[in-house]
1. Tell me which residues, restricted to the range 81-123, are under 21 Å from residue 140 (Cα atoms) and β-branched (Val, Ile, Thr).
2. Hey, among the residues in the range 127-162 that are part of a loop (DSSP other than H, G, I, E, B) and aromatic (Phe, Trp, Tyr), which one's surrounded by the most Cβ atoms within 10 Å (Cβ to Cβ)?
3. Go through the range 62-116 and give me each residue that's outside any loop (DSSP other than H, G, I, E, B), at pLDDT 95 or above and surrounded by 18 or more Cβ atoms within 10 Å (Cβ to Cβ).
4. When the residues of the range 107-152 are narrowed to those that are aromatic (Phe, Trp, Tyr) and near the ligand (Cβ under 10 Å from one of its atoms), which ends up farthest from residue 170 (Cα to Cα)?
5. Looking for whichever is closer than 25 Å to residue 338 by Cβ and touching a residue at least 60 places away in the same chain (Cβ under 8 Å) here; the options are 262, 231. Which one fits?
6. Is it fair to say residue 223 is among the β-branched types (Val, Ile, Thr), surrounded by fewer than 21 Cβ atoms within 10 Å (Cβ to Cβ) and modelled with pLDDT of 95 or more?
7. Looking only at the range 297-340, which residues are surrounded by fewer than 18 Cβ atoms within 10 Å (Cβ to Cβ), of a type outside the set (Gly, Ala, Ser) and in a loop (DSSP other than H, G, I, E, B)?
8. Considering 234, 213, 249, which residue is crowded, with 16+ Cβ neighbours inside 10 Å, of a type in the set (A, V, I, L, M, F, W, C), closer than 25 Å to residue 272 by Cβ and more than 16 Å from the ligand (Cβ to nearest atom)?
Amino acid sequence: MLSSFSPWFYHIMPRAFVGSYAAGLPAVSNALERCRSRTVTPAICARPAAWGATLTRTYVAPSSEEAVQHRHLNLETRYAVELPHYEPGDNSHIEEVFGNVHSTESFSAVDGPGVRFLVFVQGCAMRCLFCSNPDTWNMKGGTRTSSKELADQIRKVRSYLRPRGGVTISGGEAMLQPRFVSAVFQEVHAMGLNTTIDTTGQGTKHGNWDVVLPHTDLVLFCIKHMDPLKYESLTGLKQKGALRFADELAERKIPFYLRYVYIPGYTDAPKDIDRLIEWSKKQPTFQGIELLPYHVLGKNKWEVMHIPYPLDGVQTPSHETVSKVIKLFNDNDISVICAN
Ligand code: SF4
């Protein structure tokens, strides 16, 4: 799901960072410096200790003044929120669960704080018109994977992920394999790392959110549209589930960044952007927005799967247009992450 929003962003940049990583963290930082952002939102994070790990202290994000000093992106300020710190602990009591995994990436600097290990799980109930990964839709596809084996893979690169980084699980829709994601997250906490889920909030409170969220430190919440009818025509699902999910994040005091795909003619109407701004400002744990300009690089997968691409002919938004939208968010004191 994460990779579905901005194909170039998630398929090209992470790999660029992997290459940069080989040349050292300064190179990664320089790559991020090329992306523009403004971070002004103080973060709040007071989460209880998770099973299998010990919460040693609660972090406080940089103050507005400190954040504004960093006008450009770098590894420390791109996601200004600070997540709980976990001490490594015993994992022998954590259940082994099998899940269907599409793919993994060992290093990413664009899917949560610090350097992150990414897991893309298989399966999604949405059918977004702009999806760049229709190959993740089938719940039965992917590779059957043990949570313990995946944890072993993560453990091998653990030292590169610390101190701010951790593991991000995306999809497909990560919420649709709740026991697997929960087990992996518990393993991650037991390694002394933090957890992030990239989700549209699919599923239900008791069947999915109650299983995953107790072990989740940060959410990258993809809100597809603020208009209920347009949401449904864009994704095939009703919007009310996503709004209930936002209420759940508020209740649990889980910080989240919104991800919003900016598609000319579909999600760019000024009144819809205004609505997004107003709604965001009311969310108690909202940290900022990741604006993802629409791109067509995912189109070839539709062709390979012999599915007509619904957004044929839709152009990517111009740099100037996206800059104006970023300014609008900034003018409303909303921090924006965008590689425009
Ligand atoms: S269809 Fe699923 S995987 Fe594709 S963009 Fe939508 S939520 Fe993401």
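The values are calculated or read from the model by the stated rules, or taken from the named source; none is laboratory data. Given the structure is predicted, the values throughout are model-derived calculations rather than measurements. Every residue, glycine as well, gets a Cβ built from its backbone with ideal geometry; the counts of neighbours run over all protein chains shown.
1. Within the range 81-123, 97, 101, 104, 119, 121 meet the criteria.
2. Here is the first cut: in the range 127-162, the residues part of a loop (DSSP other than H, G, I, E, B) are 127-133, 137-142, 162.
From what's left, aromatic (Phe, Trp, Tyr): 130, 137.
On the way: 130: 25, 137: 21.
Result: 130.
3. Passing the criteria: 86, 99, 100, 101, 102, 105, 116.
4. Out of the qualifying residues, it is 130.
5. 262 is the lone residue from the list that is closer than 25 Å to residue 338 by Cβ and touching a residue at least 60 places away in the same chain (Cβ under 8 Å).
6. Working: among the β-branched types (Val, Ile, Thr): yes; surrounded by fewer than 21 Cβ atoms within 10 Å (Cβ to Cβ): no; modelled with pLDDT of 95 or more: yes.
So residue 223 does not fit the description; no.
7. Listed by number, the residues that qualify are 297, 305, 306, 307, 308, 310, 312, 314, 315, 316, 332, 333.
8. Every option except 249 fails the conditions.
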